[in-house]
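The structure appears below as C-alpha cells.
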Ligand code: C5P
C-alpha cells in the first residue's frame, strides 16, 4: 500500500520549560523535527509526510520537500488527536482510503531503520495496525494521594507505547472522530483504535527511540545522534 508519515508538531512543549517548542530544539546540528522527518522520508516505502503545526508557528523552516519527497503542512488543533486528524485530512486527495499512515512524534529524533522496517511489515499484515513499544523495565507502584504505595503492579504484561504508530488511514480517521465525538482524551492513536474494539499489534522497538521531554532527554538524544553520525 501507499505509506505516508504524519507528524503532530502543534504542541507547545510546556513540560520542557523555556519558550522553544521541543520539536525545534537542536540536537546534532538540526532541530528534532528534522531528524524525525529524515528517519521517515529516508525509508524507500514512505511517499511523503504531513506535518501539523501550531497556528502562527514562525519557527517552521518551510520545507516543502525532503529526500525528494513532498512535505505538506497543516494547522493542528488543541489536542494531539485534533492535530493528527487535521494532518490526515491534509493528505493528498488521491491517496487510497486504506493507505498506511505512520504517526510519529516530532520530538522523537532517533527512530532507526530496522524498527521502521519491522513496524511496516507488521502493519501490512495486521488489520488493526501496529505500534512500536518497549517493555517496562522498572517495578511499578500504585500510590494514593499522599504518595504512599498501595500496590505493586505486575509489569510482565505492560509496555510503553512509542511511535511510529501505523494504521489504515480511513480506520484511524474514523477512530479519532469517534473519540472526539465522545469527548474522550486519547494520548496516542492506538488508544483511539482500541476504543473501537481494534487490537493493534505491539512491535518491540529500540529503547533509544526516546521522546525528548526533559533537558536530560535532549542531552541523551544529542549523544545518540552524534554517535550515529560519526
Ligand atoms: O506533549 P507530548 O510529548 O505528548 O506531544 C507529543 C507530540 O504531539 C508532539 O510532537 C507535539 O507537538 C504533538 N502535539 C500536537 N498537537 C497538540 C499537542 C501535541 O501536535 N495539540
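Quick note: the coordinates plus some simple rules give every number you see, no bench work behind them. Computed from a predicted model, the values in this text were never measured in an experiment. Heads up, the Cβs are rebuilt from the backbone with ideal geometry, glycines too, and the neighbour counts pull from every protein chain shown.
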Quiz item: Once you put a point 7 Å from the Cα of residue 157 and another 7 Å from the Cα of residue 30, both along the Cβ direction, what distance in nm separates them?
Solution: 4.2
Quiz item: Given a Förster distance of 41 angstrom, what is the FRET efficiency for residue 138 paired with residue 64, based on the Cβ-Cβ distance and rounded to 0.05?
Solution: 0.45
Exercise. Can you figure out the FRET efficiency of residue 19 with residue 213, using R₀ = 22 Å and their beta-carbon distance, to the nearest 0.05?
Key: 0.85
Quiz item: What is segment 16-107 by shape, rounded, prolate or oblate, if you read a ≥ b ≥ c off the alpha carbon gyration tensor as root eigenvalues and call it rounded for a/c under 1.5, prolate for a/b larger than b/c, and oblate otherwise?
Solution: oblate
Exercise. Averaging sequence separations of C-alpha pairs under 8 Å and six or more residues apart, then dividing by the length of segment 165-228, give the relative contact order as a whole percent.
Key: 21
Quiz prompt | the chain: calculated mean residue ellipticity at 222 nm from DSSP helix runs of at least 4, using -39500 (n - 2.57) | solution = -9000 deg cm²/dmol
Quiz item: Hey, quick one: spin label on residue 72, modelled 7 Å out along Cα-Cβ, who in segment 16-55 has an amide N within reach, i.e. under 13 Å?
Solution: 47-52
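Shape call for segment 90-230 from the C-alpha gyration tensor, a ≥ b ≥ c root eigenvalues: rounded (a/c under 1.5), prolate (a/b greater than b/c) or oblate?
On the way: a/c = 1.83, a/b = 1.17, b/c = 1.57.
Here segment 90-230 falls in the oblate category.
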Quiz item: Could you give the radius of gyration (one decimal) and Dmax (whole number) of the Cα atoms in segment 1-156, in Å?
Solution: 17.7, 55
Quiz item: Taking square-rooted eigenvalues a ≥ b ≥ c of the alpha carbon gyration tensor, is segment 69-121 rounded, prolate or oblate, where a/c under 1.5 means rounded and, failing that, a/b exceeding b/c means prolate?
Solution: oblate
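Within 10 Å, count the other beta carbons around each residue, average over each peptide in 177-184, 102-109, 137-144, and list them highest first. Write down the numbers at each step before the final one.
Working: 177-184: 12.9, 102-109: 26.8, 137-144: 9.2.
Put in order of decreasing packing, that is 102-109, 177-184, 137-144.
Between residue 228 and residue 194, what length in nm is gained on full extension when 0.36 nm per residue of separation is reduced by their alpha carbon distance? Working shown, then result.
Values: separation 34, 0.36 × 34 = 12.24 nm, distance 3.52 nm.
Full-extension gain reported as 8.7 nm.
Out of all DSSP beta bridges with both ends in the chain, state the antiparallel percent to the nearest 5. Can you show the working numbers first?
Details: 17 of 37 bridges.
Looking only at bridges with both residues in the chain, the antiparallel portion is about 45 percent.
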